[in-house]
Amino acid sequence: KINLVHGAHRDGKRPDEAMKKWRGYGLGQFIHWGLYAIPGGEWNGKTYNGAAEWIRSWDGIPKSTYDSLIYKFNPVNFDAKAWAATAKQMGAKYVTITTKHHDGFCLWPSKYTDYTVANSPWKKDIIKPLVDAYDAAGIDVILYFSVMDWNHPGWRYDIKTEADSIAFEGFKQFTRNQLIELLTLYPTAKGLWFDGTWDKSWVKQAAFADELEQELRKLRPGIIIGSRFRADEYGKRHFDSNGVLIGDYEQGWERKLPEKIADVHGNDWDCVMTVPENQWGYNKAWKGHIKTAFELIEMTAKSVSLGGNFVMNFGPQGDGAIRKEELQLAKEIGDWMKVNSEAIYNCEYAVLDKQDWGYFTKKTGSNKIYMLVFNTPINGKYRVKLPAKMGISMAAPLSNPGVKLKIEEIKANEYFIEFNNPSAKQPFVITFETDTDKKSNQNYEKAKT
Ligand SMILES: Cc1ccc([C@@H]2N[C@@H](C)[C@@H](O)[C@H]2O)cc1
């Protein structure tokens, strides 16, 4: 073990109530909104291949012209309650909202810079009505904050000169001030989601970032901060030089999912996912492969089956309205969650071998197992393998608990649950209970010898 001062300060999952609640969310919403939503991936009629929220960095776009978009920010169709209602309809239990993306434009009236909504035609705070609306909807709010800030004169990609160092010191104080300001203005926020922390300038600030993280945790006890905020003194990010996760959960699952439980190293984690291939901010061109509700539901099931949460991104338009395609997805996912969310909320890795028909989840603190079916076996028999001495009882469709499904033990601790559901067009859930005293329930048929 390497002696670290600024590595991880805790190993393993946080045991407190705030983190237990986070662990049970299952499904979340990401909101990427800011000035980049105004051009929407297009500039002078030209579209680029990059991500729309990165348009300022694209060739051929004068930075100062992009920066003047602040004078066009007037989202007349912005309706915080409508956004929260969409998230509620979808079944999201938390939302991560961009307070400031890489371009440095603040959606709250920060007193540490002029580059905020206060100096736009809109004038008003955007974050406050959003936090209030989501809180009222019972959806926990996490504040996204980009450390990298292209608008601040003190930002540097690396510290090469004394002048860089002096400028960056000012930037570090500015960052600290804004984070304390956010937690003070929006005290109900449950977490901070950091981004823009990969450049050398910030990676070299192990001590400062560690002290700042500890200061924020003292200011807001229980606050949830992921693995992307800070590096250890050897520049190691997400996992410190001893391989221990820095922060409360792993934040590396961006536009990708773990395949097996070993991939998550016993840590909490969530996956943040775009609906198009790689667009977080609003992009007019809704092109390439657009994920269907079916795919997004499967990613949610897969995430929860591996002990994580799934966070689906929305990129509202420059006028503040959510695009119709995203509203449609929220409705479709919500319709599925209305019937099946018991297999998602407050569920965890079931410690069972994955089978071809889909994913297992287990209700936290109970012996209820859920089988989330995405591929129906032609013979209608769903294979389940249990650890030795563990029995299985009362298998039933989640949507129809009165139906007792036949359970056949085909060999030691391996069963077929039979369910013919030929009309299924949507993923569905079978549920059963395990008990550790296998002899006690004989309600399955012995394999016909
Ligand atoms: C290379 C790269 C940098 C930043 C990102 C940002 N993280 C996502 C959560 C979005 O905010 C995206 O702009 C994505 C890829």
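The values are calculated or read from the model by the stated rules, or taken from the named source; none is laboratory data. In this text, all values refer to a predicted model and were calculated from it rather than measured experimentally. Cβ sites come from the backbone with ideal geometry, for glycine too, and all protein chains shown count toward neighbours. For the accessible areas, the whole protein counts, side chains as well, though only heavy atoms, and no ligand, DNA or RNA atoms are used. Shrake-Rupley method; radii C 1.70, N 1.55, O 1.52, S 1.80 Å.
Separation of segment 91-145 and segment 10-58 by C-alpha centroid, Å?
13
Once you charge only the Cβ atoms, +1 for Lys and Arg and -1 for Asp and Glu, what is the size of the charge dipole of segment 120-170 about its Cα centre, to the nearest 20 debye?
240
Would you tell me the accessible area of residue 284, worked out with a 1.4 angstrom probe on the heavy atoms of the protein chains, in Å² to the nearest 10?
90
Could you compute how fast segment 1-146 diffuses translationally, taking Rh as the Kirkwood radius over C-alpha pairs and applying Stokes-Einstein at 4 °C with viscosity 1.567 mPa s? Give it in µm² per second.
Working: Rh = 17.5 Å.
Stokes-Einstein gives a translational diffusion coefficient of 74 µm²/s.
Could you work out the relative contact order of the chain? I mean the mean sequence separation of Cα pairs under 8 Å and 6+ apart, divided by the number of residues, in percent. Don't skip to the answer; put the middle values down first.
Working: 927 pairs, mean separation 78.3, N = 449.
Worked out over the chain, it gives 17 percent.
Report the local net charge at residue 176: Lys and Arg +1, Asp and Glu -1, summed over other residues whose C-beta lies under 10 Å from its C-beta.
Taking every other residue near residue 176 into account, the sum is -2.
What does the charge add up to near residue 234, with Lys and Arg as +1, Asp and Glu as -1, over the other residues with Cβ less than 12 Å from its Cβ?
It works out to a net charge of 0.
What does the accessible area per residue of segment 140-181 come to in Å², with a 1.4 Å probe and no ligands, DNA or RNA counted? Show your work: numbers first, answer last.
On the way: 1580 Å² over 42 residues.
Dividing the accessible area of segment 140-181 by its residue count gives 38 Å².
Can you give me the Kirkwood hydrodynamic radius for segment 163-319, using every pair of distinct Cα atoms, in Å to one decimal? Can you show the working numbers first?
Details: mean 1/r = 0.0570 Å⁻¹.
Kirkwood hydrodynamic radius for segment 163-319: 17.5 Å.
How big is the charge dipole of segment 208-275 about its Cα centre, in debye rounded to the nearest 20, if each Lys and Arg gets +1 on its Cβ and each Asp and Glu gets -1 on its Cβ?
Approximately 180 debye in magnitude.
Can you give me the Cα centroid spacing of segment 253-304 and segment 163-199 in angstrom?
27
Quick one: Debye curve from the alpha-carbon atoms of segment 340-415 only, equal weights, vacuum; give me log10 I(q)/I(0) at q = 0.24, 0.25 Å⁻¹ to two decimals.
Here log10 of I(q) over I(0) equals -1.45, -1.56.
Sort 102, 265, 238 by accessible area with a 1.4 Å probe, largest first.
So, going from the largest accessible area down, we get 265, 238, 102.
Work out the charge dipole of the chain with +1 on the Cβ of Lys and Arg and -1 on the Cβ of Asp and Glu about the Cα centre, then indicate which of 320, 344, 253 is farthest towards its positive end.
344
Give me the percent of Cα-Cα pairs in segment 380-433 that sit more than 14 Å apart, rounded to a whole number. Mind showing how you got there, number by number?
On the way: 743 of 1431 pairs.
Pairs farther apart than 14 Å: 52 percent.
Do the alpha carbons of any pairs in 13/200; 100/124; 123/324; 291/362; 256/381 sit beyond 19 Å of each other, and which pairs? Don't skip to the answer; put the middle values down first.
Numbers: 13/200 29 Å; 100/124 15 Å; 123/324 27 Å; 291/362 26 Å; 256/381 31 Å.
From the list (13/200; 100/124; 123/324; 291/362; 256/381), the Cα-Cα distance tops 19 Å for 13/200; 123/324; 291/362; 256/381.
Give me a comma-separated list of calculated 3J(HN,Hα) values for segment 368-379, in order, Karplus coefficients 6.51, -1.76, 1.60 applied at θ = phi - 60°, integers in Hz, x for any Gly or Pro.
Whole-Hz 3J(HN,Hα) from phi for segment 368-379: 7, 10, 10, 10, 8, 9, 10, 10, 7, x, 4, 8.
Using only protein heavy atoms and a 1.4 Å probe, report how much of residue 255 is accessible, in Å² to the nearest 10.
Accessible area of residue 255: about 80 Å².
When all protein chains stay in place, what accessible area (Å², nearest 10, 1.4 Å probe) is found for residue 38?
Residue 38 exposes around 50 Å² with every protein chain in place.
Give the residue from 122, 87, 107 lying farthest towards the positive end of the charge dipole for segment 1-149; charges sit on Cβ (+1 for Lys and Arg, -1 for Asp and Glu) and the dipole is referred to the Cα centre.
87
Would you mind checking the radius of gyration and Dmax of segment 301-449 based on alpha-carbon positions, in Å?
When restricted to Cα atoms, segment 301-449 yields Rg and Dmax of 17.6, 69 Å.
Among 219, 182, 245, whose mean-square fluctuation peaks in a Gaussian network model of the chain (Cα, cutoff 10 Å)?
Largest GNM mean-square fluctuation: 219.
State in Å² the accessible area per residue of segment 197-249; use a 1.4 Å probe, count heavy atoms of protein chains only, and round to the nearest integer.
Numbers: 2010 Å² over 53 residues.
Each residue of segment 197-249 exposes 38 Å² on average to a 1.4 Å probe.
Expressed in whole Å with the largest first, what are the equivalent ellipsoid semi-axes of segment 15-56 derived from the C-alpha gyration tensor as the square root of 5 times each eigenvalue?
They are 37, 9, 8 Å, listed largest first.
I need the shape label for the chain. Rule: rounded when a/c is under 1.5, else prolate if a/b > b/c, else oblate, with a, b, c from the alpha carbon gyration tensor.
prolate
Arrange the residues 299, 371 by how much accessible surface each exposes, largest first, with a 1.4 angstrom probe.
Putting 299, 371 in descending order of accessible area: 299, 371.
What is the ratio of the Cα radius of gyration of segment 276-369 to 2.2 N^0.38 Å, with N the residue count, to two decimals?
So segment 276-369 has a normalised radius of gyration of 1.25.
Which whole-number percent is the relative contact order of segment 108-258 (Cα, under 8 Å, 6+ apart)?
Answer for segment 108-258 is 18 percent.
Express in nm, to one decimal, how much length is gained between residue 366 and residue 71 on full extension, taking 0.36 nm for each residue of separation and deducting their alpha carbon distance.
100.7 nm
Quick check: net charge around residue 299, other residues with Cβ under 11 Å of its Cβ, Lys/Arg +1 and Asp/Glu -1?
Neighbourhood net charge equals +2.
When the helix-only estimate is applied to the chain (DSSP H runs of n ≥ 4, each -39,500 (n - 2.57), divided by the residue count), what is the mean residue ellipticity at 222 nm, nearest 500 deg cm²/dmol? If you can, show how the numbers build up before the last one.
Working: 9 runs with 105 residues, N = 449.
When only DSSP H runs of four or more count, the value is -7000 deg cm²/dmol.
Just in segment 163-222: which GluC sites (Glu not before Pro) are loop by DSSP and have at most 16 other Cβ atoms within 10 Å? Display every interim value, and only then the final one.
Values: sites: 169, 181, 211, 213, 215; in loops: none.
The qualifying sites: there are none.
With +1 on each Lys and Arg Cβ and -1 on each Asp and Glu Cβ, how big is the dipole of the chain about its Cα centre, in debye rounded to the nearest 20?
I would put it at about 920 debye.
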